[in-house]
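The values are calculated or read from the model by the stated rules, or taken from the named source; none is laboratory data. None of the values given here were measured: they were computed from a predicted structure. Here Cβ is always computed from backbone atoms with ideal geometry, including for glycine, and neighbour counts include all displayed protein chains. Surface accessibility is based on the protein's heavy atoms, side chains included, excluding ligands, DNA and RNA. Shrake-Rupley method; radii C 1.70, N 1.55, O 1.52, S 1.80 Å.
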Amino acid sequence: MASHATAQTRLSFASLTPQNVGTVRKLNTVLFPVRYGERYYQDILQAEVEPFCQLVYYNDIPVGNICCRFEGRDLYLMTMGILAPYRSRQIGSQTIERIIESASSHTKPKIGRIYLHVQVSNEDAKRFYEQHGFKEVGIHENYYKKITPRDAWILERRLQNADK
Amino acid sequence: MASQQATLAQKDRKAFQDLLSCYELKQLTKGRKVADQILKKYPDHGETMCMKGLILVHLGQRDEGIKLIREGMRKDLTSHICWHVWALVQKGEHKYEEALKSYMQALRFDKDNFNIVRETSVLQTQTRAYESLVESRLHMLRLRPSFRAHWVGLAVAYQLSGNLVEAKRVLEHFQSLLREGPVNDAEYSEFLLFHVHVLEDLGHLQDALAFLDKKSKDRYIVDRTATHTFRARILSKLKNTNKESPQAAEWSTRAESEWRALLDLNPECSDYYQAVLANQGIDLGDLDEDSCTKALALLSEFAVHFPKAYAPRQLALTVAQGDRFRGLAKPYIEVALSKGIPSLFSNLKKLYANPLKCQVIEEIVEDIRASFLVDPASPSEPAKYLWTLYFLAQHYSFLGRHRRALEILNLAVEHTPTLPELYMTKAKVLKRAGDPYGAVRSMDEARKLDGQDRFINTKSGKYRLRAGMVDEAEEILGLFTRKGAATPGADLTEMQALHYLVEVGDAYRRIGKLNLALKKYYAVQKVFEAFREDQYDFHQYSIRKTILLPYFDMLKWEDEVQSHPVYVHAVVSATRIWIRLHDDPSLGKSLQPSAETTDASRKALSKAKKAAHKGNDPSQESQDAANKKVSNQSEDKGLDAPIPKDEDPDGVKMVLADDALERAAKFLATLKESGKRSIDACLANFDVAMRRKKYLQAARALTHAHAVDAQHPQLHLRVVQFGNTGESLWLISVTTKLSVAVSSVSDSIANPVKSVLHETLISLKPEEISLDVFTSQYLQSHSTSPSAILACAQACKFLGNPTEDVESLLFTALKDDIGLSVEDGLRILSYLQCVKSTRAEEFRIACDNKFELSTVFKSSEEQAALRHQCLLEEKEDCDDVETL
């Protein structure tokens, strides 16, 4: 099929609305080993997180999402994932870079850092975030209640424009 | 204005003139005062009474106004004013024929009243009285010859009445009056195109062409697309009708270049390609090896010339056969799947009529799918893989291979669980396999992925209706209807959503709420009546604005509109219900709300009621009341009769009607000519006519049905019924088996009628064979058709064969070599239940086993449970981790 690899790829993003949140639910059920509560789905629809909660489309097919929330001046990355068949084609990279860019230029509040948890068994994920400027700053023990290993790395990326 | 009964003095005549101008200027309250003053002095002055009545109607006091007008007319039947007023009121009630008569009366007493002549001409067009329209138009032109519109109007009237020669003469005469027409004028350009059209219809093709060439060259005709279209069409006709002419070659060349010019304007129009091919002597309907090669060569040239156009490629796919087809289909499909074109299957579906092409397409797409399986670890094009699976699922579903389709869809969902199309297709597969409840669930899954997609929403509503969930359908459709509407159903009715009305009517019919079903079918009729009304304003407007060719198209469309499948379906379905109500008089009573239900389950039903109560729900009523208060008494309410409140919104009174058959016949009659072209309408017509003992009409219906589909199973049944009735009625004199009761009916049929009935019967059934033999012969020649088995069983039953024989005949439909579909099974089951067969349950269970995926053959309790379950949310087990 290599000869066809030239087929154009279009990546696009969409903000979350009550109308497409069903797609986020569907993605989360296959992407993550944990089930999220109603609170999560209410939070990601809040207006202030709109630039940081996005659906990702590959040639108009919904293939992934990224969802963050504010914790004071921190942006906490709750979930990010791309469906398995669509990985290794820079979709995740473009998505995280887009969020970093939005966060860097964000005012009210100015965002000091983005941080997230990664299950300690998930080396691939850790490497992915490190490639995008994240650093491990600690381990949260017993972070997960229903899956093992229960510990999680804490990864963060400090943002340039944040005032000291 | 002379009136016999009460003549006004000079001064009062002035007052009456004031009254008229008050009305013209719509100074209604002032007009009423003036009228009152006159009436004080002359209480019997008919014209004043009529004018006052008219003003009252405008002011919203309709009944009072009409009463006064009637009185006024009685006083003065020779006044054109009185007749004019009456015509206006009738027009407001859409009684066009009556209004027309009143206008004609008015003209008797004031023959050159231009306004009345003009109104008359509009009504004559609306009622298609084209001969008298010509008279009116001539009259108008004589009264005001200086207006272009009146010349146009006369020419149009001639054209409509079929007198093209006169139409041409009028057009020419008008142009000779103009010293010089306006250049670059859109209206004049339309006028000239109409002239070309008339010449073309007259068959004066060379004149039409010369005229078109000259007028477009001189920039009188400015519509470029129309110029090309007309020229291309006329040249092609010229060439085809004068093959021997020395100019034929020139015409052919010019025609080709005109069609090509049109293709440059729109390369997706397949008619243009076909015209180019036809111009080169290639008829796509009649290809041989040689012309097929030529056609494909030409189409591939076009495909290169218009690299983005689909039309030439699609046309090539319909033309090509065998290996050539494979060679063309492969790249077409490859490209479409790579691009991810969701509609690929619907594009190709029409090719499936040819089983070889269907096979080739399957092989091509399965090959593409296999190429992915070679190296599934690194799917280089995940989207293409997904669209390939999607296509295959649709493909297998179309071929009735439901299990295979579902397997593929499961793979696709595993690959990409977020594509709504996959769930929609799954819903369709389940629907086809006879599981409407699973289909509802799957469609709802699609809807949850994309709540703002109106298409999915509509499908979701439709699937719920198909599963008998009317309230739930209404709820979901309500997400997209106007928020202020009384109910979603009321809004959809107002929006003339025919697909909704038909589906909801069918849903009510299936769940036995025949009253509500009837209401919906009649709502469809109202929509079509509105379509007819809608043309009214265009009769004047189109001529004034010289929008002629689209206007002719519109009139043609209006004349044919009742042949629309939705309308035919509504009429036939309503007829079937009327027949059931007639055959079983207790049925109507059983549909009445019982005392208990009105009280106890009122609340539970209120939603469903609300849906049916469109137009007279409380909120709207209070709104109307509020409107009345706010509007002061001087407001003009116009002449249109207000829509009367529906006194029977649920149709519970309607189903008690004792003239069910007459109502059915009346509804059927609205189909006019188009009723003869629909087999279902013919059969319905027959069934009603037989019950009404209108045997000639029944015979005609059979003849029409026979012309549409001579081998239709249900037609066979009707012929048997007709023949059987004939034996006991009009053939009785031959067999001389007289019984007193029968003979009286028989005698009521005149002998010439009897012979017509007899002629009809022998044209449908060989005279020498009995109805039993006729039926067994029919069954023999259609032995593998489930519909034929059913029809023959019905015929046997009708002819008095033992029930056991009828039942065992029906059970043969379950044999493996008979392609029984879910629908066939349901029809047979429903018939068995209808005749209270003891084996109905056995048949149901057999079908349930035969159609493994189906749920429609489950017991009603099981189906109720499935209906209940299919919308329940799957309970999600969520981790209440605060940090998540």
Scanning segment B:749-762 residue by residue, those more than 13 Å from residue B:716 (Cα to Cα), assigned to a helix (DSSP H, G or I) and touching a residue at least 40 places away in the same chain (Cβ under 8 Å) turn out to be B:753, B:756, B:757, B:760
Any idea which of (1) in contact with a strand residue (DSSP E or B) (Cβ under 7 Å, 6 or more places away or on another chain); (2) modelled with pLDDT of 95 or more is the one residue A:9 doesn't satisfy?
(2)
Run residue A:40 past the list (1) open to solvent by 10 Å² or more (accessible area, probe 1.4 Å); (2) part of a helix (DSSP H, G or I); (3) within 13 Å of another protein chain (Cβ to nearest Cβ); (4) more than 24 Å from residue B:422 (Cα to Cα) and report the number of the one that doesn't hold.
(1)
Subset of segment B:434-456, residues assigned to a loop (DSSP other than H, G, I, E, B) and away from every other protein chain (no Cβ under 14 Å), comes to B:434, B:435
Which is assigned to a helix (DSSP H, G or I), crowded, with 20+ Cβ neighbours inside 10 Å and within 14 Å of chain A (Cβ to nearest Cβ), of B:393, B:427, B:383?
B:383
Would you confirm, using the coordinates I've provided, whether residue B:864 is in contact (Cβ under 8 Å) with a residue 24 or more places away in the chain and either open to solvent by 50 Å² or more (accessible area, probe 1.4 Å) or within 34 Å of the chain's Cα centre (by Cα) (or both)?
no
Restricting attention to segment A:83-99, does a residue exist that is part of a loop (DSSP other than H, G, I, E, B), touching a helix residue (DSSP H, G or I) at 6+ places or on another chain (Cβ under 8 Å) and at pLDDT below 95?
no
For residue A:26, all conditions in the list (1) within 8 Å of another protein chain (Cβ to nearest Cβ); (2) without any contact (Cβ under 8 Å) to a residue 12 or more places away in the chain; (3) more than 26 Å from residue B:457 (Cα to Cα) hold save one; what is the number of the exception?
(3)
Only one of B:254, B:219, B:179 is open to solvent by 20 Å² or more (accessible area, probe 1.4 Å), among the basic types (Lys, Arg) and assigned to a helix (DSSP H, G or I), namely B:254
Could you check, for segment B:357-368, whether at least one of its residues is assigned to a helix (DSSP H, G or I), open to solvent by 30 Å² or more (accessible area, probe 1.4 Å) and either within 14 Å of another protein chain (Cβ to nearest Cβ) or modelled with pLDDT under 95 (or both)?
yes
Can you say whether residue B:830 is out of contact with any helix residue (DSSP H, G or I) (no Cβ under 7 Å at 6 or more places or on another chain) and open to solvent by 50 Å² or more (accessible area, probe 1.4 Å), as far as the supplied structure shows?
yes
Has segment B:396-416 got any residue that is under 25 Å from residue B:873 (Cβ atoms), of a type in the set (Asp, Glu) and touching a helix residue (DSSP H, G or I) at 6+ places or on another chain (Cβ under 6 Å)?
no
Just to be sure, is residue A:10 more than 9 Å from every other protein chain (Cβ to nearest Cβ), among the basic types (Lys, Arg), open to solvent by 10 Å² or more (accessible area, probe 1.4 Å) and in contact with a helix residue (DSSP H, G or I) (Cβ under 7 Å, 6 or more places away or on another chain)?
no
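Table: residues versus (1) closer than 22 Å to residue B:93 by Cα; (2) open to solvent by less than 50 Å² (accessible area, probe 1.4 Å); (3) modelled with pLDDT under 90.
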site	(1), (2), (3)
B:19	no, yes, no
B:24	yes, no, no
B:28	yes, yes, no
B:31	no, yes, no
B:57	yes, yes, no
B:64	yes, no, no
B:68	yes, yes, no
Filter segment A:117-164 for residues that are within 22 Å of residue A:93 (Cβ to Cβ), open to solvent by 100 Å² or more (accessible area, probe 1.4 Å) and polar (S, T, N, Q) and give the result.
A:131, A:160
Options B:445, B:494, B:472: the member that is buried (at least 19 other Cβ atoms within 10 Å of the Cβ), of a type in the set (Asp, Glu) and over 27 Å from residue A:15 (Cβ atoms):
B:472
Among the listed residues B:701, B:710, B:705, identify the single one that is assigned to a loop (DSSP other than H, G, I, E, B), open to solvent by less than 50 Å² (accessible area, probe 1.4 Å), at pLDDT 90 or above and not hydroxyl-bearing (Ser, Thr, Tyr).
B:710
